[in-house]
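Note sheet for the following structure.
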Amino acid sequence: MRVEENKSLKNYNTFGIDCTARYFVSVESIEELKQALSEKNSKELFILGGGSNMLLTGDLDAFVIHINLKGIEILKETETEVFVKAMAGENWHAFVQYCIASDFGGLENLALIPGTVGAAPIQNIGAYGVELKDTFVSCNTVEVETLKEREFTKDECAFEYRNSIFKNEAKGKYIITSVTFRLTKKNHKTSVSYGDIQKVLNDKKIETPTIKDISEAVIAIRQSKLPDPKILGNSGSFFKNPVVDAETFQEFRRNFPEAPFYEVSPTEFKIPAGWLIEKAGFKGQRFGDAGVHKNQALVLVNYGKASGKQLWELAMEIQKKVKEMTGIFIEPEVNVF
Ligand code: EPU
């Protein structure tokens, strides 16, 4: 374990922003993690996973710990189910691929999401009708202040749409070291109700899809809409899809009867932020090296040398215009530093 100083984070964030960390250490075991935490002293702590859900708007005057814990383990299994534990530093998509190759069902709709296993519970990652919480059993953590290990059960995590205890009361207090999933070994409960998936399967004339078929459909959809961060810097959805009350929704519907929406409950309606941003005229727009993706307006992109500040200014401009034009307030989904 070696503490580096003034380390460039360009290769550690998927926006490809060229900022530095005052102190940087990559840890490969829980012991190293504890050692790093005890060496940070009074310096501000910054935990880095895959860097795929954050926007850096300046250098980090902090002690950055890069979570590089690896390993996948089967904890127990029955005839029909398996409990799999993956360490926090495992690449999310590689883990999903491992599950599909082993014919473990439950994560196939979450294929190709950038980032690490350890970051996945923080915002309860979700795509194509499935969320992390659907297969999540528990996660292990280290408490920053005491270095004590603590397990969080699913209930304790208080998962919601793109939200959990780790973005609220527990924020900054615990470091996730591993996550345990409960997956199926047979009679997989596949979820193909999301329109785009069904369409890809129909086009391929697949009637009873395997989990591999579903993951391949998801990969094809994502590749057609979402830019690959290795080619074009981005952080996935920059904004959350807003959930509004019935009154706000009725007003919005009167002005935009053509807008897609999803009824969360009789009093809550989710409106796709991508649609709102497109309506506000930003889709495919480019301002210097900061831009809005041409196939999915929810994704901001870095064409090369955009600074975090430029991307943030663009995000705020979008937020303002969307509110002015549609009356709906959209909030960032990525963490901004
Ligand atoms: N839409 C537009 N214009 C756009 C983008 C979308 O009109 O530029 C419309 C679409 O036509 C569709 C609706 O908005 O009617 C929903 O679009 P899509 O299916 O692409 O999904 P989304 O709601 O925009 C969410 C997640 C994505 C996830 C997809 C698929 C959030 C913030 N984003 O996007 O997650 O992949 O659903 O499940 O919930 C991420 O979090 O980084 C991410 C990519």
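The values are calculated or read from the model by the stated rules, or taken from the named source; none is laboratory data. Predicted, not measured: the structure shown is a model, and the values here were computed from it. Reconstructed Cβ throughout: ideal geometry from the backbone, glycine too, with neighbour counts over all protein chains shown. The area values use the complete protein model at the heavy-atom level, side chains included, leaving out ligands, DNA and RNA. Shrake-Rupley method; radii C 1.70, N 1.55, O 1.52, S 1.80 Å.
Conditions (1) under 18 Å from the mean Cα position of the chain (by Cα); (2) part of a loop (DSSP other than H, G, I, E, B); (3) crowded, with 20+ Cβ neighbours inside 10 Å; (4) modelled with pLDDT under 95, marked per residue:
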{"site": "281", "(1), (2), (3), (4)": "no, yes, no, no"}
{"site": "284", "(1), (2), (3), (4)": "no, yes, no, no"}
{"site": "300", "(1), (2), (3), (4)": "yes, no, yes, no"}
{"site": "317", "(1), (2), (3), (4)": "no, no, no, no"}
{"site": "320", "(1), (2), (3), (4)": "no, no, no, no"}
{"site": "330", "(1), (2), (3), (4)": "yes, yes, yes, no"}
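Going residue by residue through region 60-73, is there one that turns out to be away from the ligand (no atom under 16 Å from the Cβ), charged (D, E, K, R) and open to solvent by less than 60 Å² (accessible area, probe 1.4 Å)? Full working, then the answer.
Within region 60-73, the first condition is being away from the ligand (no atom under 16 Å from the Cβ), and the residues that meet it are 60-73.
Imposing the further condition that a residue be charged (D, E, K, R) reduces the set to 61, 70, 73.
Right, trim to open to solvent by less than 60 Å² (accessible area, probe 1.4 Å) and you get none.
No, every residue in region 60-73 fails to be away from the ligand (no atom under 16 Å from the Cβ), charged (D, E, K, R) and open to solvent by less than 60 Å² (accessible area, probe 1.4 Å).
Which one of these is surrounded by fewer than 21 Cβ atoms within 10 Å (Cβ to Cβ), more than 15 Å from residue 273 (Cα to Cα) and free of Cβ contacts under 8 Å to residues at least 12 places away in the same chain: 251, 247? Before the answer, list the steps.
On the way: 251 fails: free of Cβ contacts under 8 Å to residues at least 12 places away in the same chain.
Being surrounded by fewer than 21 Cβ atoms within 10 Å (Cβ to Cβ), more than 15 Å from residue 273 (Cα to Cα) and free of Cβ contacts under 8 Å to residues at least 12 places away in the same chain holds for just one of 251, 247, which is 247.
Residue 17 versus (1) outside any helix (DSSP H, G or I); (2) open to solvent by 20 Å² or more (accessible area, probe 1.4 Å); (3) under 17 Å from residue 115 (Cα atoms): which is the lone unmet condition?
Of everything listed in (1) outside any helix (DSSP H, G or I); (2) open to solvent by 20 Å² or more (accessible area, probe 1.4 Å); (3) under 17 Å from residue 115 (Cα atoms), residue 17 misses just condition (2).
Is region 179-196 home to any residue that is within 12 Å of the ligand (Cβ to nearest atom) and surrounded by 20 or more Cβ atoms within 10 Å (Cβ to Cβ)?
Checked region 179-196: no residue is within 12 Å of the ligand (Cβ to nearest atom) and surrounded by 20 or more Cβ atoms within 10 Å (Cβ to Cβ).
Return the pairs, sorted by first residue and then second, in which the second residue is open to solvent by less than 50 Å² (accessible area, probe 1.4 Å) and not β-branched (Val, Ile, Thr), the first residue lies in region 284-304 and is on the phi > 0 side of the Ramachandran plot and more than 9 Å from the ligand (Cβ to nearest atom), the beta carbons are less than 6 Å apart, and the residues are 6+ apart or on different chains.
Final answer for the pair search is 304/289.
Residue 123 passes all but one of (1) in contact with a Phe, Trp or Tyr (Cβ under 7 Å, 6 or more places away or on another chain); (2) assigned to a loop (DSSP other than H, G, I, E, B); which number fails?
Going through (1) in contact with a Phe, Trp or Tyr (Cβ under 7 Å, 6 or more places away or on another chain); (2) assigned to a loop (DSSP other than H, G, I, E, B) one by one, residue 123 breaks only (1).
Let's see how each residue does on (1) closer than 23 Å to residue 160 by Cβ; (2) within 12 Å of the ligand (Cβ to nearest atom):
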| position | (1), (2) |
| --- | --- |
| 225 | no, yes |
| 230 | no, no |
| 233 | no, no |
| 236 | yes, yes |
| 243 | yes, yes |
